[in-house]
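Engineer: Mind having a look at this structure? Questions to follow.
Computed from the coordinates by the stated procedures, all read-outs in this text should not be read as laboratory data. Given the structure is predicted, the values throughout are model-derived calculations rather than measurements. Note that each Cβ is placed from the backbone with ideal geometry, even for glycine, and that neighbours are counted across all protein chains shown.
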Amino acid sequence: MTRRRNKAEATRPPEQFLELAEVLDYVAAVIARGVPGAVWVRAEIASLTDRRHLYLDLVQLGDGGEIAKCRATVWARERFELEGKFRRATGGALEAGLKVLVFCTPDFHAQYGFSLHILDIAPEFTLGDAAARLGVMRETLVREGAYGLNRSLPAPADYARVAVISPEGAAGLGDFRRETDALEAAGVIEFAYLQATFQGRAASASVTRAIAQARELHSDAPLDALVVIRGGGAVTDLAWLNDLDVARALATFPAPVITGLGHARDDTLPDEVAHTRTDTPSKAAALIVGVVAAATAQAMQDTRTIRASGTQMYVDAQARALWARDRVRDEATRVTERQRADVDALMRQALGLTPERTLARGYALVRDEAGQPVTRAAQVEPGQALTLEFGDGVVDVRAIPL
């Protein structure tokens, strides 16, 4: 009987207990006593939801991933002042992926659980964290010998084939193409447009993948340049591009890299490792257009120079031909005159050998009966009648046989 009674007593519910709300109220009281006021908390924004109030998920990351996580809230009454302060310092809004230092009070609600009530923020911490990470990445690239590789490439003297990386549908891309589409339409430059995400956690992989695509294009046919552009953005927006993989891929790209990332005040790591940094997509386009225009002007000048040189060579050749012609003509004239003189002399000599002059010197001219000159003895037959013509007369004779 005793054994059965003890068993029944063991299964009877306790007569004293706490309601869930009472336990959670107790936890809230403990938290309130443990953290009696607001404290500065360093964390990273994992996600953010805008519903009049701002609802954030804050995390602390370690080598193995998340090591702490909780919810946080910026109530509407503090939101305007807090966001304005952050925007004035950074140029951008609070968003996922930012490291922040927030002034907050712990809040434990029996229904909603634990969260942090954010009262203030230190934007200088976010900027400083970005600068610190930028410094570490810069030192890594310098140590690897990649930091100044792209800047050491020779600047293009002209552009014929260019790859362009930009966000899809970005206003900056429109600005760029307004300057360059005419060149492409005229067949002066071939552009290859590649799309990438420039903000958020996917930015690194997306931009790096686009750079790899540009590298493949370069291996198929050499590019004169790779252009990386996006429209204006806040410092925190541009911070997504301060990525080691992106910077390394740009620094080691085999063609000159031109950046036009829409900001003049601050540099990003891609700006630092690029061959040429411009402030906006329009200025990147203007750089290319200017080089092409200069190359065209130089080509026209070279054409004029070649044409002028050819004309001068023709004139010189024509002058030399005329000079040679005149020399040949003068020489021919001199030769003709000499030959004419020689002919005259020969004529004079020939005139001096007329039959009359010959006979006058004591010679006789033998003629046959027909009056033809006889110049050889074999022409004379015995008893043939001949005439001997002397300078002062003619004598008839007959040949006597020997």
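Engineer: Can you work out the FRET efficiency for the pair Glu81 and Ser219, with r the C-beta to C-beta distance and R0 = 51 Å, to the nearest 0.05?
Structural biologist: Values: r = 54 Å, r/R0 = 1.06.
Plugging the Cβ-Cβ distance into 1/(1 + (r/R0)^6) gives 0.40.
Engineer: Between Val374 and Ile306, what is 0.36 nm times their sequence separation minus the Cα-Cα distance? Round to one decimal in nm. Each step should come with its number before you reach the end.
Structural biologist: Working: separation 68, 0.36 × 68 = 24.48 nm, distance 7.93 nm.
Result for the pair: 16.6 nm of gain on full extension.
Engineer: Which angle from 0 to 90°, rounded to the nearest 10, does the C-alpha axis of helix 20-34 make with the longest principal axis of the chain?
Structural biologist: 70
Engineer: Treating the beta-carbon of each Lys and Arg as +1 and of each Asp and Glu as -1, no other charges, what is the dipole magnitude of the chain about its Cα centre, to the nearest 20 debye?
Structural biologist: Numbers: 47 positive and 53 negative charges, 191 e Å.
Result for the chain is approximately 920 debye, rounded to the nearest 20.
Engineer: Another one. Around Asp120, which amide H atoms from residues at least 5 apart in sequence, or from another chain, sit under 5 Å from its own amide H, with H modelled in the peptide plane?
Structural biologist: Amide H to amide H, under 5 Å and 5 or more residues apart or across chains, Asp120 pairs with Phe103.
Engineer: Taking all pairs of different Cα atoms in the stretch 148-294, averaging 1/r and flipping that mean, what Kirkwood radius in angstroms comes out? All intermediate terms of the calculation are to be shown ahead of the outcome.
Structural biologist: Numbers: mean 1/r = 0.0673 Å⁻¹.
Taking the inverse mean of 1/r over all distinct Cα pairs, the stretch 148-294 comes out at 14.9 Å.
Engineer: What residues have an amide H closer than 5 Å to that of Gly92, excluding those fewer than 5 places away on the same chain, when H is modeled at 1.01 Å from N in the peptide plane?
Structural biologist: Val235, Thr236
Engineer: Let me ask something else. On a 0 to 90° scale, report how tilted helix 203-220 is relative to the longest principal axis of the chain, with both axes built from alpha carbons and the result rounded to the nearest 10.
Structural biologist: On a 0 to 90 degree scale, this one is about 20.
Engineer: How do Cys104, Cys70 line up, fewest other C-beta atoms within 10 Å first?
Structural biologist: Numbers: Cys104 22, Cys70 16.
So the ranking, lowest neighbour count to highest, is Cys70, Cys104.
Engineer: Under a GNM of the chain (C-alpha, springs under 10 Å), which listed residue has the highest mean-square fluctuation: Ala157, Ala202, Ala345?
Structural biologist: Sorting by GNM fluctuation, first place goes to Ala345.
Engineer: Moving to a separate point now. Just going by the charge dipole of the stretch 101-238, with Lys and Arg at +1 and Asp and Glu at -1 on Cβ, which of Met137, Cys104, Ala202 is farthest out on the positive end?
Structural biologist: Looking along the dipole axis, the top candidate is Met137.
Engineer: A follow-up question, please. Each residue of the stretch 101-111 in order: what ³J(HN,Hα) in whole Hz does its phi give by Karplus 6.51 cos²θ - 1.76 cosθ + 1.60, θ = phi - 60°, with x for Gly and Pro?
Structural biologist: Whole-Hz 3J(HN,Hα) from phi for the stretch 101-111: 10, 10, 9, 8, 10, x, 9, 10, 10, 4, 9.
Engineer: GNM on the chain, C-alpha springs below 10 Å: top fluctuator among Thr208, Thr387, Thr311?
Structural biologist: The residue with the greatest mean-square fluctuation here is Thr387.
Engineer: Give me the extension gain from Ala341 to Glu190: residue separation times 0.36 nm, minus the current Cα-Cα distance, reported in nm with one decimal.
Structural biologist: Working: separation 151, 0.36 × 151 = 54.36 nm, distance 7.78 nm.
Full extension of this stretch gives 46.6 nm more.
Engineer: What's the exposure ranking of Ile189, Ile306, Ile400, going from fewest to most Cβ atoms within 10 Å?
Structural biologist: Working: Ile189 21, Ile306 10, Ile400 7.
Fewest-to-most ranking of Ile189, Ile306, Ile400: Ile400, Ile306, Ile189.
Engineer: Let me ask something else. Mind pulling the angle between the C-alpha long axis of helix 281-351 and the longest principal axis of the chain? Nearest 10 degrees, somewhere in 0 to 90.
Structural biologist: The angle comes out near 10 degrees.
Engineer: Which log10 I(q)/I(0) values does the stretch 1-160 give at q = 0.13, 0.14, 0.17 Å⁻¹ under the Debye formula, counting every alpha carbon as one identical point scatterer?
Structural biologist: Those come out to -0.79, -0.85, -1.07, one per q.
Engineer: If we count other beta carbons within 10 Å of each Cβ, what is the order of Thr375, Thr276, fewest first? Before the final figure, lay out each step's value.
Structural biologist: Working: Thr375 9, Thr276 18.
Ascending Cβ contact count within 10 Å gives the list Thr375, Thr276.
Engineer: Express in % the proportion of alpha carbon pairs of the chain at distances exceeding 41 Å.
Structural biologist: On the way: 44875 of 80601 pairs.
So the pairs more than 41 Å apart make up 56 percent of the total in the chain.
Engineer: Determine, from the Cβ-Cβ distance of Ala32 and Arg143 and an R0 of 51 Å, the FRET efficiency 1/(1 + (r/R0)^6), rounded to the nearest 0.05.
Structural biologist: Values: r = 49 Å, r/R0 = 0.97.
After rounding to 0.05, the efficiency reads 0.55.
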